[in-house]
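Throughout, read-outs are computed from the coordinates displayed, never taken from laboratory work. What you are looking at is a predicted structure, and each value in this text was computed from that prediction instead of being measured. Because the Cβ atoms are built from the backbone with ideal geometry, glycine has one as well, and the counts that use them run over all protein chains shown.
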Amino acid sequence: MRRVLLGLLLCLLAVPAFAQTPRLETPPPSVPNGPPPSVPPSVSTAPLPDSAIPAAPPDLVMDLSSARVSITSAFQGEKLLLFGMFDPPGEVVVVVQGPPARETVMRKERFLGLWLNTGRQGFDDVPAYYYIAASQPLQRLLARGTGGEILSLADRLASVRSVGSREDSELTRFRIGLTEVKRREGLYPADIGQVTIQANRLFRVDLPFPSRLPEGIYDVRAYLLRDGKIVAAVQRPLPVSKVGFNAQLAGWASRNGEFYGLGAILMALLVGWLGGTIMRRL
Amino acid sequence: MEIYLPIAEQSINVFVLLGLGGMAGLLAGMFGVGGGFLATPMLIFVGIPPAVAVASQANQVIANSVSSLQVQWRRGNVDLRMGLVLLLGGVLGSSAGVVLFTYLKRIGQIDFVIAVLYVVMLSAIGGLMSFESLRTYFRQRRHPEAPRGKLHQHYLVHRLPLKMRFYKSKLYISALLPIGLGFLIGILSAILGVGGGFVLVPAMIYLLGMPTSVVIGTSNFQVLFVAANVTFLQSATNGTVDVVLAVLLILGGVVGAPIGSRLAAKLPGVVLRGLMAVLILAVAAELLVELLRAPSSPYSLGIREVLR
């Protein structure tokens, strides 16, 4: 009897400890495809598809305050600082894009007095996240055109392919709906952000990431523009991923749902049984 | 204190979840029902995606029923034979329910169906309960020693074939009845993430005519296995069970349940049922308003498919 009580006492201690594990989890830096944490600042020699970019001098360098976004148990969204230096004169544009995916936009309509989804429209190649920031109003910077390399949020979304065909006016409405939802979720933080320039050659911009952030390799680019032409560009990947306990759980759930389901059942049986026993004895 | 839920993919305050679990536990302790039918809509109110709320709530129901079953089993209040027959229907129903759930999720109507089913169910139950408690209240005031009705009545359903003897429940009824009942509860369980005790218990008493002593235990037995089936299938097909969410709900429930049973011992039954009815009706009204009111934006996003 005494041993039983001792066991129960141990369980009593273990239950809150178990509940706290997610919070105490420290993010071990292990993401398969990501660059090592100490990536040197990207230099403009980075290969870019656009041929308009001169290859030679490092007119532009940038770095991020963190090499990755780690979704830990305490993750509530994050602000990363992007900073760098450029050779004046010129203006700086920064574009951050999340991995593309197919999104389905649903539209609610009133049906017999109730609001329910009646319309749906798929879009391919929708960036999970899109943030563009510039040191000057974008229209002025892009007045001469940049060969489609730099796209404002509206232009980027206008280029998104629709799945199936539909009237143009309807498609536009769904496109606007898509932007609305993404903006609400903080995934398209603003039409245009502000790149701050200091001492005529240092630049910085805050990248806001919300708590509901899709995982994947994000693409961060900075451009140096002179007279509306891109004269230098740097690019680097920014991995966004769950880490530690969260990553393991999510991994199980998606790769091995059966196993995860059994685990969830056992967990509930155990906690329910022990909890019930303990509370009845108190 | 915020915590990031790995499957719901968002952060939420720990105490909100513990509180919701505690409230479900409180109801469980007070009325012997799981409380899932209030916890799931509440989870949706606080912004958990309905698919995750339903699946994780099913996981929580397991813990809830195992701790009540512990007591009921020891007291011999489980009609195992009846439980197994109910379970046969329950497993079939919940499996069908998960398939239906997956389909509704794919066509983007799951949130709507969940809301409508909740409104219908909660207003029916809340209405019946408030009617019943008002009637009891007034009858008690008029004749304190109200005569009891007939214990066992015969309806048309008793003429169904495949009759089976249930010794512990002292019944000789068609097995189709409990199988069908289990099937319906199974579907509810899969789509709404509830154990279904709050429908099952009255159905067992009034429809099957089981003695009240074995109803709670047998219902716990059926609910436990059906919830396990739902958890497994939801996890295997939709991957929407969030164990972090479930653990927090369970821990809240573990603390709430004994408080609930202590409260239940202090307050008179009529008042208790009246309070519960008001609570249920309030949730139903809130859900109904959500359905009727024009949304702030008519647009929402379905499932995001990463192209490989």
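Scan around A:Val69 for amide H atoms under 5 Å from its own, H built in the peptide plane at 1.01 Å from N, and keep only partners 5 or more places away or cross-chain.
A:Val240, A:Ser241
Can you give the average number of partner chain beta-carbon atoms within 10 Å of each beta-carbon in peptide B:273-285, as a whole number? Present the calculation step by step, with values, prior to reporting the outcome.
Numbers: counts 0, 0, 0, 0, 0, 0, 0, 0, 0, 0, 0, 0, 0.
Mean number of neighbouring Cβ atoms from other chains: 0.
Around B:Leu287, with a cut-off of 14 angstrom between Cβ atoms, what is the net charge of the other residues, counting Lys and Arg +1 and Asp and Glu -1? Walk me through the numbers on the way to the answer.
Details: positive: B:Arg293; negative: B:Asp111, B:Glu286, B:Glu290.
Combined, the nearby Lys, Arg, Asp and Glu give -2.
Using amide H atoms built 1.01 Å from N in the peptide plane, name the residues 5+ places from A:Leu207, or on other chains, whose amide H lies under 5 Å from its own.
The list, which skips near neighbours in sequence, is A:Leu80, A:Leu81, A:Leu82.
Over every pair of different alpha-carbon atoms in region A:204-260, take the mean of 1/r and invert it; report that Kirkwood radius in Å. Walk me through the intermediate numbers first.
Details: mean 1/r = 0.0687 Å⁻¹.
In region A:204-260 this quantity evaluates to 14.5 Å.
Just checking the output field for B:223-234: average partner chain Cβ neighbours within 10 Å of each residue's Cβ? Write out the running numbers ahead of the final one.
Details: counts 0, 4, 0, 0, 2, 7, 2, 2, 8, 7, 3, 3.
What the average comes to for B:223-234 is 3.
Of B:Thr40, B:Val226, B:Gln72, which is farthest towards the positive pole of chain B's charge dipole, taken about the Cα centre with +1 and -1 on the beta-carbons of Lys, Arg and Asp, Glu respectively?
Among B:Thr40, B:Val226, B:Gln72, the one farthest towards the positive end of the dipole of chain B is B:Gln72.
Within straight cross-link reach of B:Lys163, meaning Cα distance under 29 Å, which lysines are found once same-chain residues fewer than 8 apart are removed?
In chain and number order, the partners are B:Lys150.
For chain B, find the longest principal axis of its Cα atoms and tell me its angle to the long axis of helix B:176-192, 0 to 90°, nearest 10.
30
How far, in nm, would the chain grow between B:Ala285 and B:Arg262 when pulled straight, counting 0.36 nm per residue and subtracting the alpha carbon separation? Before the final figure, lay out the partial values.
On the way: separation 23, 0.36 × 23 = 8.28 nm, distance 2.90 nm.
That works out to 5.4 nm of additional length.
Just to be sure I understand the curve: with the Debye formula and one point per C-alpha of chain B, what is log10 I(q)/I(0) at q = 0.12 Å⁻¹?
Ignoring solvent entirely, the Cα scatterers give -0.81.
Under 5 Å between amide H atoms, partner at least 5 residues away or on a different chain: which partners does B:Ile3 have, H built in plane at 1.01 Å?
B:Ile12, B:Asn13, B:Val14
Treating the beta-carbon of each Lys and Arg as +1 and of each Asp and Glu as -1, no other charges, what is the dipole magnitude of region A:39-240 about its Cα centre, to the nearest 20 debye? Provide the component values of the computation, followed by the final result.
Working: 24 positive and 22 negative charges, 90 e Å.
Its charge dipole is roughly 440 debye.
Kindly provide the Kirkwood hydrodynamic radius of region A:39-240 in Å, to one decimal, from all pairs of distinct alpha carbon atoms. Kindly include the intermediate steps, with their values, before the conclusion.
Values: mean 1/r = 0.0551 Å⁻¹.
Kirkwood hydrodynamic radius for region A:39-240: 18.2 Å.
Just subtract the alpha-carbon distance of A:Lys229 and A:Asp125 from 0.36 nm times their residue separation and send over the number in nm, one decimal. Don't jump to the answer; show the numbers that get you there.
Numbers: separation 104, 0.36 × 104 = 37.44 nm, distance 2.65 nm.
Fully extending the segment from A:Lys229 to A:Asp125 adds 34.8 nm.
When DSSP assigns beta bridges and you keep just the ones with both residues in the protein assembly as shown, what percent turn out antiparallel, to the nearest 5?
Working: 66 of 71 bridges.
Counting only bridges with both partners in the protein assembly as shown, antiparallel ones make up about 95 percent.
With angles folded into 0 to 90 degrees, how steeply does helix B:269-292 sit against the dominant principal axis of chain B? Use alpha carbons for both and round to 10.
The answer is roughly 40 degrees.
Over the alpha carbons of the protein assembly as shown, what is the largest minus smallest coordinate on each principal axis, giving the biggest first in Å?
Taking max minus min along each principal axis of the Cα atoms, the protein assembly as shown gives 95, 63, 45 Å.
So how do A:158-168, A:88-98 stack up, highest first, on mean other-Cβ count within 10 Å? Working shown, then result.
Details: A:158-168: 11.1, A:88-98: 21.4.
Highest mean packing first, the order is A:88-98, A:158-168.
Describe numerically, in nm with one decimal, the distance between label points set 7 Å from Cα along Cα→Cβ at B:Leu292 and at B:Val46.
2.8
Counting other C-beta atoms within 10 Å, which of A:Phe111, A:Phe245, B:Phe221, B:Phe15 has the fewest, and how do the rest follow?
A:Phe111, B:Phe15, A:Phe245, B:Phe221
Please list, short to long, the whole-number percent of alpha-carbon pairs of region B:39-102 in consecutive 10 angstrom bins beginning at zero.
Reading upward from the zero bin: 18, 36, 33, 13, 0.
Among B:Ser213, B:Ser169, what is the fewest-to-most ranking by other Cβ atoms within 10 Å? All intermediate terms of the calculation are to be shown ahead of the outcome.
Working: B:Ser213 15, B:Ser169 21.
Sorted ascending by nearby Cβ count, the order is B:Ser213, B:Ser169.
Which value in nm describes the separation of the simple spin-label points at B:Tyr167 and B:Leu207, placed 7 Å from the Cα toward the beta carbon?
Spacing of the two 7 Å Cα→Cβ label points: 2.7 nm.
Determine the shielding of peptide B:3-16 by partner chains: average, over its residues, the number of Cβ atoms on other chains within 10 angstrom of each Cβ.
Numbers: counts 9, 15, 5, 14, 6, 1, 10, 8, 9, 2, 0, 4, 0, 0.
That works out to 6 on average.
Could you go through region B:59-76 in sequence order and give the Karplus-derived ³J(HN,Hα) for each residue, using 6.51 cos²θ - 1.76 cosθ + 1.60 with θ = phi - 60°, rounded to whole Hz, and x for Gly and Pro?
5, 5, 4, 4, 4, 4, 6, 5, 6, 6, 5, 3, 5, 4, 5, 4, 7, x
Starting with the highest mean, order B:197-209, A:68-80 by the number of other Cβ atoms within 10 Å, averaged over the residues of each peptide.
On the way: B:197-209: 20.8, A:68-80: 18.9.
Listed from highest to lowest mean packing, they are B:197-209, A:68-80.
Using R₀ = 41 Å, calculate the FRET efficiency as 1/(1 + (r/R₀)^6) where r is the Cβ-Cβ separation of A:Ser162 and B:Met1; round to 0.05. Numbers along the way, then the final one.
On the way: r = 43 Å, r/R0 = 1.05.
Approximately 0.45, to the nearest 0.05.
At R0 = 22 Å, how high is the FRET efficiency between A:Leu202 and A:Gln136 if r is their beta carbon distance? Nearest 0.05 is fine.
On the way: r = 16 Å, r/R0 = 0.72.
Efficiency at R0 = 22 Å is approximately 0.85.
Over chain B, what is the relative contact order in whole percent, taking alpha-carbon pairs under 8 Å and six or more residues apart? Present the calculation step by step, with values, prior to reporting the outcome.
Details: 487 pairs, mean separation 119.4, N = 308.
So the answer I get is 39 percent.
Does anyone have the angle between helix B:80-106 and the longest principal axis of chain B? Alpha-carbon axes, 0 to 90°, nearest 10?
Value to nearest ten degrees: 30.
So if R0 is 45 Å, what FRET efficiency would B:Val71 and A:Ser65 give, r being the distance between their Cβ atoms, rounded to the nearest 0.05? Walk me through the numbers on the way to the answer.
Details: r = 55 Å, r/R0 = 1.22.
With a Förster radius of 45 Å, E is 0.25.
Starting with the fewest neighbours, write out B:Asp242, A:Asp59, A:Asp155 ranked by other beta-carbon atoms found within 10 Å of each beta-carbon. Can you show the working numbers first?
Working: B:Asp242 27, A:Asp59 19, A:Asp155 13.
Placing the least packed residue first, the sequence is A:Asp155, A:Asp59, B:Asp242.
Could you work out the local net charge near A:Phe86, counting Lys and Arg as +1, Asp and Glu as -1, over the other residues with Cβ closer than 15 Å to its Cβ?
Net of charged neighbours comes to 0.
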